[in-house]
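These notes concern the structure reproduced below.
What follows draws every value from the coordinates through simple rules; no lab data is involved. Since we're looking at a predicted model, the values are computed, not measured. Here the Cβ positions follow ideal geometry from the backbone for every residue, glycine too, while neighbour counts run over all protein chains shown.
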């Protein structure tokens, strides 16, 4: 059986990884999510189009984990991300719009000396839903925004 590749469920899901932590925003629901460092390693690899086996190897080598533990961890987080509709299976060659090979997990800006393993945590925040959904850009017509009288 071929392994699934994933992509960000865009355009309504946007994300940024900064200093080893990923922030993911679902613009349709107004919910935003945060991933800790190990979760960000998995997110970055998945959204680059890496197969789960390659993601497992990246996680295992980054944190010196047993591949069985790393595989379970990748499967669990992938299921959570897909359950929240943040990622979807990539079909064909479309992926996330990039045909580049996955970048090693060490390239996410966190110094190697700071790599102490903590299981991935996906935190969910709904406190800004009203503000995110109030975005006036959603109310734009062909005349643009702001509309001038």
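Structure summary
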| quantity | calculated |
| --- | --- |
| Whole-Å distance, taken between Cα centres, linking segment 3-18 and segment 26-57 | 7 Å |
| Length-normalised contact order for segment 4-91 - Cα pairs under 8 Å, 6+ apart - percent | 34 percent |
| Additional length obtainable on full extension of the chain from residue 118 to residue 69, 0.36 nm per residue less Cα span | 16.4 nm |
| Cα-based equivalent ellipsoid of segment 1-74: semi-axis lengths in Å, sorted from largest, via gyration tensor | 23, 15, 9 |
| Ordering of 20-30, 38-48, 64-74 by packing [mean C-beta count within 10 Å, highest first] | 38-48, 20-30, 64-74 |
